[in-house]
Structure formats: structure tokens, C-alpha cells
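Contents: one structure, followed by commentary.
The values are calculated or read from the model by the stated rules, or taken from the named source; none is laboratory data. Keep in mind that what you see is a predicted model, and the values were worked out from it rather than measured. Using ideal geometry, Cβ is built from the backbone for each residue, glycine included, and neighbour counts are taken over all protein chains shown.
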Amino acid sequence: VSPDTKIDLTNCDREPIHILGHVQQFGCLIAVNSDWLVQHVSLNVADFLSKDPESLIGEPLKEIIAPDALRDIRSRVQRLDGEDAVERLFGLKLLAGSDEKFNGAVHMSGQSVIIEIEPQRAEITSDYTSYVRPMIDRVRKAKTVPELCKIAARQMKALTGFDRVMVYRFGADQSGEVIAEAVSPNVDSFFGLHYPASDIPQQARELYRRNLLRIISNVRETVSPIIPERSPEGQPLDLSMSGLRAVSPIHIEYLKNMGVDASLSVSILHRENLWGLFACHHYEPRVLSYEIRSAAELFAQLFSFVLGQLLADEASEHTRRVQVLHDKLMAQLAGGQSVRDHFSTIAEALSSVIPNDGVAAYVDGDFVTLGTTPTRDEFMGIIRFLNTTAGGRAYATDELGAVHPPAQDYVDRAAGLLAVPVSRRPRDYVVLFRQEFTRKVNWAGNPEKSVTLGPNGARLTPRKSFETWQQTVTGQSMPWLKSEIAAAEQLRVTLLEVVLRMSDEANQERM
Ligand code: BLA
């Protein structure tokens, strides 16, 4: 980074973490080309296979490992299915004439086959799936998302033996919160703490959607370089799907600053998106056997399904309640009166599915309210704002003052609104209001100072202090949930029908 380069957090997003060219020491890597000639090895093959790394480059793989093992590896490569597929091998006898067993993984990286090898560390069965069934039986009993995450954190802790297992959930702004945690005795809690988006940069999140598990077994070890650094075509080896990949030095520094010696994280996906992570810390170096890592990954995948089901159940229950409400409203509002006459019915109906502090409506020049709302004059200002913004659909903001500055003067009455247009042209609205809700957010360190300049000048370093930093958020209401906005949109259609019917009837009476 040159001194005049602007240092900002987007620099983090540009670190090419998939081609950093090193593996961790708990295993070694061999990459071969389509002729099964060795293209790259990590220098630590010497420790595992007792071979001189330099001498292996260009050699046929069959000269290096035992025939049976090679046959197993080749058949797994044939089984690879799809771009990011990885096949696992357990109990390989790689060395001719030796009974020593290894575990391995194979995957494609461009035209190369990457073979990752580590000693078999567990005496236990290679049937890692057998660990997972009882874990899933436990989590399936949960009725709510927080309960589910709490049980899952405990199960994950029992499986991996990490000192701290957290369920870390991403928010809409990509910052995150620890929503469940299981810790060893004498380990302080991070429950409820928030972390800024920049702690996990964009390219890392993208990678974690493809490769679900990463372990950093010892933040203090010297990682092993892959030789040669580049292929004959001049390309570094893409380690996106590797399990041994040594991670970004910036992140290593972050973990050291946190006082962590080993880290494990497993992705939690919801509809292809990264919903959160199991984030785990250990206060000593920790190498997990490949079986346990595989079980942790499978557990997280099944957990994601259970989570998806709970979230879908919650959403469909809401939709069902709104449907009931629709039917009820259509029946109740059949008569020929005006919206004013029915306002309390409408307001109460809306409030039964979308909690609020007040409801106001402006229909055909009529202004009616219930509960805590802005005044008529303030409301007319809001209407003008909505006419340029809402675009005919339900519109929500939890910080009206940020988009409509006059509202800063009445946050005590309306800090957030959810507006439902009830005529085809912009003009008439039913609006739900929420008052200011002052809340405290506990951050792990000041989020505005998530990086500092390092001792060597213009180099980004993660923050040193994770001491709780309390932010007081003002000027905002409780946020409108996605399901609430969806309900409002569903009810907009109902109200539109009702309003049209009323004005039809009114017109007929006039004729
Ligand atoms: C990666 N950052 C990560 C990862 C986690 C976090 C979980 C995934 C790797 C792992 O499993 O350890 C962050 N860890 C957390 C958080 C908690 C936790 C939030 O336990 C909360 C409890 N990090 C910074 C800054 C930069 C940065 C300023 O703070 C960039 C300048 C970078 N973080 C960074 C990078 C990675 C990362 C580059 C990717 C590491 C890799 O996979 O190579």
C-alpha cells in the first residue's frame, strides 16, 4: 500500500484470500495435472510423506503413493460432481509397506486435482454421520429460533470441544450479533454483543457460502508455502475449496488481538444466503480430526434446514393470520358507509397483526386517528413525502427523520411509519406509526474504529480492543419486520378493494 493510497475498509474486501499460497501444518497438499503429474506441493509434505518436496514436482503421482491408495483417490475424483464438490477419503494407506492411515480430501481447482492429506487422528469410526443424528434429534425439538440456536450451540460445543461456541447472525447491514452461546467454565460471555460488518469482509462471506467450514488450528504457527508459487501458465493455485488453506494474516492478527488461539467457523445458509455462522474459539491450539470436522459441517447443513423450516413456518403462520383478517374485513366492511365510519375497525384489524403506537388515515380529504400520531399538519407533510416516495406499495421506515427531516421534531410521537396506500393514485393512505425506541447496542469494541494504522505506517490492522462499547441509538422506532411489511402489502390490496367498493356505493347513491 503506497502512502497516498486511501486506507479504508474496502481494502479488506480486496485481499485475495483464496490465492494466498499457504496451508496450515495439520496436513499437506499435492496438486496434480490431468496426467496425474505433480504440479504443486506444500513444503510440509516432507513431514507427512518423508519426501523431499522439490524432487516431487513433475513426478507421476504413482511413484509417490501406494497403488491401492492411488486407485481410491482416482475413483473419488471421478465421483466429483459439480463445481465446488469435494470428496472425502478415510483410512488411506498412502505409504507402500506402511500401515499408517491417512484421511484426505480431493477436489478440482481449474484443471488441477488438489489432494489434501492428514494423518488419521481419531481411533474412532470413519462413519462421522453417526455423530450427527442424535444432535439433529435434539435441535428438532426447538419451537423458536433462539431456542434452536441455543441447543445447537451446546451440541456443537459437545462435538468439537471448543471453549466457546457462538451462533453469530448477520443483520441487514451485514453487522452481526451473537444470538446464542455455549462456553466452558470460566470463559466470559459474548452473548448479545454486536460486531461491525468489516470484521468479515465481503470476499470472505462469498467464499463461506461455497466452502462451509474453516478451521484455524493455531494462530501462532508458521504456515507452509506451496511450491512452485505459480503454475507454468503463471497462475497461483486457487484454494477456495481447500480445507487446509492458511487464512488471511489480517484475520490472524484479529484473532490474536482477541486472545484466541484456534478458531472454527461453519456457515449457516438460508436460501443460498449466508444467514450466520457457528463461530468457535479455543484458548489453546486445537486440531480437529477430519471426522469431527465433517460431522460439524454436516450438522450445520442439517441445522440450516431445520432453521429454514422454522423461519418458513413463522412466515406462513403470519400469512395465514393476515388471510383470516382479510376475510373478516371484507365481511365487516360490506356496508355502504365511508372509511371514516369504519376507521376503528380497520385500525384495530391492522394493529392485531402489526403492533404500533398509533394509526392515522387520510381518505377523500378526511383525516382520522387512533392512538399516538402526528398532528394533521405534520401528517399533511408526511403525505407529500409519501406521494414522492411510496410508489403505490406498502412503505416502511424505522427512521422517518432521516428521510423526511421535519419528522425529527416529533420522534416522541412518530419515529417510524408503515404506510399503506389505499387509492390507485397517490394521495390516500392508512399509516401505522411507532414512537422513538431508544436502545443500547453493545459492540465488541468501537465499530467506528474497527481498523487502526499499524506500526509500519499505512497498513490496515484490526482493532486491538474488544472492550464493550455501548452505542445509544436514538431517533429510530422498533424496526418493521419483513413479515409485517409483507402483511401490510397484503392488506393494502384488501383495503383498496374496500375503499373502491365504498366509493362505488357512494357514487351510486349520488346518482
Ligand atoms: C474472517 N472474521 C473472519 C471469520 C470470522 C471473523 C468468524 C472467519 C474465519 C474464522 O473462522 O475465524 C470474525 N469472529 C469474527 C467475529 C466474531 C468471531 C465477528 O468470533 C464474533 C464473535 N477483519 C477485521 C478487519 C479486516 C478483517 C478490519 O477486523 C480487514 C481489514 C479481515 N476477517 C478478515 C478476513 C477474513 C476474516 C480477510 C477471511 C479469513 C480467511 O478466510 O482467509
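Some points to look at:
- Residues located in the range 238-259, provided they are in contact with a His (Cβ under 6 Å, 6 or more places away or on another chain) and crowded, with 20+ Cβ neighbours inside 10 Å: 239, 241, 246
- When residue 220 is tested against (1) crowded, with 19+ Cβ neighbours inside 10 Å; (2) out of contact with any helix residue (DSSP H, G or I) (no Cβ under 6 Å at 6 or more places or on another chain); (3) of a type outside the set (S, T, N, Q), just one condition goes unmet, and that condition is (1).
- Here residue 412 meets each of (1) closer than 30 Å to residue 469 by Cα; (2) at pLDDT 95 or above; (3) out of contact with any strand residue (DSSP E or B) (no Cβ under 7 Å at 6 or more places or on another chain) with one exception, condition (2).
- Inside the range 348-365, residues that are crowded, with 22+ Cβ neighbours inside 10 Å and polar (S, T, N, Q) make up a count of 1.
- Qualifying residue in the range 35-43 (condition: in contact with a Pro (Cβ under 9 Å, 6 or more places away or on another chain), over 23 Å from residue 226 (Cα atoms) and more than 16 Å from the ligand (Cβ to nearest atom)): no
- Residue selected from the range 232-244 under the condition touching a strand residue (DSSP E or B) at 6+ places or on another chain (Cβ under 6 Å) and in a loop (DSSP other than H, G, I, E, B), by the criterion nearest to the ligand (Cβ to nearest atom): 239
- Identity of the residue in the range 245-277, basic (Lys, Arg) and more than 21 Å from residue 107 (Cβ to Cβ), that ends up farthest from the ligand (Cβ to nearest atom): 271
- Matching residues, the range 386-396, being surrounded by 14 or more Cβ atoms within 10 Å (Cβ to Cβ) and either at pLDDT 95 or above or closer than 11 Å to residue 420 by Cβ (or both): 386, 390, 394, 395, 396
- Scan the range 278-301 for residues that are within 14 Å of the ligand (Cβ to nearest atom) and small (Gly, Ala, Ser) and the total you get is 3.
- All told, residue 301 falls short of being exposed (fewer than 13 other Cβ atoms within 10 Å of the Cβ), on the phi < 0 side of the Ramachandran plot and within 24 Å of the chain's Cα centre (by Cα).
- Pairs linking a residue in the range 344-366 that is closer than 19 Å to residue 380 by Cα to a residue that is in a strand (DSSP E or B) and of a type in the set (S, T, N, Q), with Cβ atoms under 6 Å and 6 or more positions apart or on different chains, are 360/369.
- Annotation for the range 176-192: at least one member residue is in contact with an Asp or Glu (Cβ under 7 Å, 6 or more places away or on another chain) and within 9 Å of the ligand (Cβ to nearest atom).
- Scanning the range 86-135 for residues that are without any contact (Cβ under 8 Å) to a residue 60 or more places away in the chain, assigned to a loop (DSSP other than H, G, I, E, B) and among the hydroxyl-bearing types (Ser, Thr, Tyr) yields one hit, 98.
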